[in-house]
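Undergrad: Just dropping this structure here.
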Amino acid sequence: MARRLLDVLSAYLYAPYPARPSRVAGLAAPVRAGAGVHPDPAVIRLFRVRGIPVQIDYGWLLTFAVISWSLASGYFPRVIPELSPAAYWLQGLVAALLLFVTVFLHELSHALVALAHGMRVGGITLHIFGGVSQLESEPPSPRAELLIAAVGPLTSFVIAGLCWSIGKALPAGPPWALALTSYLAVVNFVVGVFNLVPGFPLDGGRILRATLWAWRGSLDWATRWASRAGSTFAGLLMAVGVLRTLAGDLIGGLWLLMTGLFLHQAAQSSYHLVRVRTRLEPLRVLEIMTPAVDADLPLRERDGAAANSRASAAEAVVSPADSAWLAFTRLANSRGRRVIVVDDGRVIGIVSDRDLQPLLRDERTPAGARRAA
């Protein structure tokens, strides 16, 4: 699910109504209060592939440094003894970089299959826990969900097989090449297996959701149970992390604990996002927008060049007949704090988080307290 949508949803769910949601950015995680409504300053944009922006979160730099250090001080000295510290660091840096190239390929496979099914991809981000493909909508069918989810682990297994084959083809090759290919083969195999765990939002959890969706015909129901499986797995991961920490493995234990917390937040937020989509899709923008005071002015005359600049970005403009869900997703990617509603070249209103917040208020209300529709 699109990370920026989760960011905006977090602001709606946890901001005190009717006050305006907070926009204070937090740590690199699937949920950050309000971070999605601004251009994210915590990422470094790299390049585009098929129109998909690729970027790295600043937290990724910490992970890259830790992995490089671990390889340079542990793995390579153990498998290739008697080299210089500089050589170990060079090998560690190269191996860590190639590891994240394979993570990028894993996420790119998700994105390309999503594009083939007519879905928009907001970007690919490498972050402290790995990577994420920011899909801007739910898959159109269980089959699409299954294919999009399955291609990621499949890509990791293919990379693992290629690296293993290259290592086997170079029995008398340089020791560093054998060590590098062995490392990449094992890590990509582990990544593929880990992602097949049937807990949402991991790929295995999405495969589970696709299966449940096809069985019951309800995306909401399938997401609820897949998210519960994801939260259960996250809880087990956190429990193992606590036990390892108490046993003296501080770094490994804390890493498992943080990863479990990450997965738990992602599972819960993704389920809430599906509920929000169910609630907003039947509504039209005309029903929720705030009418513009000068709605009779042509678009080109509203606020001069500033309006033209905002309107030129497709994600910042909706029509009155569009769904409220579309307004929500475009608000998440908007450079401003609102989305402009345009009809026949004229600005007739705006949609801001203040307009959407009352509609999402029930997400924080116990089920028994909700009024009947």
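Undergrad: Quick one: is A307 under 32 Å from the mean Cα position of the chain (by Cα) and at pLDDT 50 or above?
TA: In short, no.
Undergrad: Tell me, yes or no, whether the range 40-49 has at least one residue that is touching a Leu at 6+ places or on another chain (Cβ under 8 Å) and either buried (at least 17 other Cβ atoms within 10 Å of the Cβ) or not β-branched (V, I, T) (or both). Spell out the reasoning first.
TA: Step one: list which residues in the range 40-49 are touching a Leu at 6+ places or on another chain (Cβ under 8 Å), which gives 49.
Still in the list and also either buried (at least 17 other Cβ atoms within 10 Å of the Cβ) or not β-branched (V, I, T) (or both): none.
There is no residue in the range 40-49 that is touching a Leu at 6+ places or on another chain (Cβ under 8 Å) and either buried (at least 17 other Cβ atoms within 10 Å of the Cβ) or not β-branched (V, I, T) (or both).
Undergrad: Filter the range 131-188 for residues that are part of a strand (DSSP E or B) and in contact (Cβ under 8 Å) with a residue 60 or more places away in the chain; which is farthest from R277 (Cα to Cα)? Can you show your working first?
TA: Of the residues in the range 131-188, the ones part of a strand (DSSP E or B) are 131-135.
The next check asks that each one be in contact (Cβ under 8 Å) with a residue 60 or more places away in the chain; those that pass are 132, 134-135.
Details: V132: 20, Q134: 16, L135: 14 Å.
Looking at residues that are part of a strand (DSSP E or B) and in contact (Cβ under 8 Å) with a residue 60 or more places away in the chain, I get V132.
Undergrad: Being at pLDDT 80 or above and closer than 15 Å to F194 by Cβ is the filter here, so list the residues in the range 238-257 that pass it.
TA: V240, G241, L256
Undergrad: Can E107 be described as part of a loop (DSSP other than H, G, I, E, B), of a type outside the set (G, A, S) and either surrounded by 13 or more Cβ atoms within 10 Å (Cβ to Cβ) or on the phi > 0 side of the Ramachandran plot (or both)? Spell out how you get there, then give the answer.
TA: On the way: part of a loop (DSSP other than H, G, I, E, B): no; of a type outside the set (G, A, S): yes; either surrounded by 13 or more Cβ atoms within 10 Å (Cβ to Cβ) or on the phi > 0 side of the Ramachandran plot (or both): yes.
No: the conditions fail for E107.
Undergrad: Given the residues V132, V187, V193, which is the only one that is surrounded by fewer than 16 Cβ atoms within 10 Å (Cβ to Cβ) and closer than 24 Å to L261 by Cα? Walk me through how you get there before you give the answer.
TA: Values: V132 fails: surrounded by fewer than 16 Cβ atoms within 10 Å (Cβ to Cβ); V187 fails: surrounded by fewer than 16 Cβ atoms within 10 Å (Cβ to Cβ).
Only one candidate passes the filter, namely V193.
The values are calculated or read from the model by the stated rules, or taken from the named source; none is laboratory data. No experiment lies behind these values; they were computed from the predicted model shown. Cβ sites come from the backbone with ideal geometry, for glycine too, and all protein chains shown count toward neighbours.
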